[in-house]
1. Is it fair to say ILE212 is in contact with a Ser or Thr (Cβ under 9 Å, 6 or more places away or on another chain) and part of a helix (DSSP H, G or I)?
2. Which members of the stretch 227-257 meet the condition of being surrounded by 19 or more Cβ atoms within 10 Å (Cβ to Cβ) and part of a loop (DSSP other than H, G, I, E, B)?
3. Against the conditions (1) closer than 19 Å to LYS51 by Cα; (2) assigned to a loop (DSSP other than H, G, I, E, B), where does GLY177 fall short? Just the number, please.
4. Do any residues in the stretch 172-196 that are over 23 Å from ASP233 (Cβ atoms) have Cβ atoms under 6 Å from those of residues that are among the polar types (S, T, N, Q) and modelled with pLDDT of 90 or more, where the two are at least six apart or on different chains, and which pairs are they?
5. Check every one of the strands (runs of 3 or more DSSP E) wholly within the stretch 29-132 and list those with 2 or more residues that are charged (D, E, K, R) and crowded, with 21+ Cβ neighbours inside 10 Å.
6. Of all residues in the stretch 258-276, which are surrounded by fewer than 14 Cβ atoms within 10 Å (Cβ to Cβ) and closer than 25 Å to GLY194 by Cβ?
7. Conditions first: (1) closer than 24 Å to THR162 by Cβ; (2) crowded, with 20+ Cβ neighbours inside 10 Å. GLY214 passes all but one, so which condition is the exception?
8. What are the pairs, 6+ residues apart or on separate chains, where a residue within the stretch 264-289 that is touching a residue at least 60 places away in the same chain (Cβ under 8 Å) has its Cβ under 6 Å from a residue that is basic (Lys, Arg)?
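The values are calculated or read from the model by the stated rules, or taken from the named source; none is laboratory data. Predicted model, so just to flag it, every value in this text is computed and none were measured. Here the Cβ positions follow ideal geometry from the backbone for every residue, glycine too, while neighbour counts run over all protein chains shown.
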Amino acid sequence: MGAVCCRPQPIDFDGEINLFHFVLLRCVGKGAFGKVRVVQHKQTRELYALKYINKAKCVKMKAVPNVIQERRLLEEIDHPFIVNLRYAFQDDENCFFVLDLMLGGDLRFHLERLGSLQEETVRFYVAQLSSALAYLHDINIMHRDLKPDNILLDERGNAHLTDFNIAVHFAERRLTGVAGSMAYMAPEILAKRGYTYYIDWWSLGVCAYELIFGRRPFRGRTNSDLQHSISKDPLKWPEDADKKCSRPGMQVLKGLLERDPNRRFGCKPNGEGYQELRRHAWFKPIDWDTLESKEQTPPFIPDAKKANFDASHELEELLLEDNPLKAKARKANQDNLSAEMRQMEEQFTSYDFKKMQRRSYYPHNQHIISTATGTSSGMASSRPGTPANDLRTENGISIAGNSLDGGDSDAIRGEKMVSEKEFS
């Protein structure tokens, strides 16, 4: 009879989603104040990636509006080539994102391992990512941080866009805040004269160039040198470019890396830019009719027998974690919360994709106000980038490490944390 009190409480799967609904599996990522691990839903047995963010650290690093902004944007988004939100909830210590699980690793991981990728493979990724960008732009969202680190492969080799931490809705008014990773920033961002969704197509061009040739098209030893290269240097090709990329492929790269946004591939209004890209000779081998249904076999299939991420995260979790994640019942008394904690409590709302319709908070989430300071945070960055000379600023303020580094993006990946440099 004495053991009766130790029996686990039954799980209410019909109630609001919480951590008790999941089995916690291996840890696969680590960041400034959160981690990513594989989880399995106890009822459906489906696997997901769980990103969890420590509330206290989030408040300390003044990233509360960013986390709420990302949570709201992800609820709106649902596309086959995006890492989609499936559940969102919180407990007393953490905010949780449950996302599509990507077991194939990110393209930074594969680029560093292979040196470069075959043109056929990159063309397939560009087709999939252009579909994702066209969808986002159609619902007035620009990503602002497209780079190999934020492109994840599923186990079959399909590419997915992730990390919406500095994504933002756009309207007719152009944005002026500098945000993103400098090596992939479009020249109009650096010019600070205003920009719109055209910047994502430039970033796609930088990614495609880097994946094919193993180096970025514009480089510099310092942020100032890099800025000058992006803004002024002519586009150059490696000496062996014709061995790695066909002439139609170079035409697409050149079109995406056009400094004049009005002439850049993908940028014609009302979706015509995307259609123009689809009609280009380089994409002739792509069956656009079946692309989004993922019926095609990707040219590159990740090795399922190997871990396509940094396996040291799991060892750190076992040996060094002093407060390992576990499901805990919520405290009943929530009266003594700080303003920031109260903001998360009220605005990081629960979401269950099987019970709720996706919705948009736009335009109400354009400027999420900090309840502690009474000022708008804008879309401040939160994730340090991997390549050297990465930059994350907004409205003239340099931001370092507000949120999650590589391991903590929206699904499985592994990358090193790099300190950021102030940019003026």
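1. Yes: the conditions hold for ILE212.
2. CYS245, LEU257 - these are the residues of the stretch 227-257 that are surrounded by 19 or more Cβ atoms within 10 Å (Cβ to Cβ) and part of a loop (DSSP other than H, G, I, E, B).
3. (1)
4. Hits for this filter: ARG174/THR196.
5. In the stretch 29-132, the matching strands (runs of 3 or more DSSP E) lie at 34-41.
6. ASP260, ASN262, ARG263, PRO269, ASN270, GLY271, GLU272
7. (2)
8. What qualifies is TRP288/ARG278.
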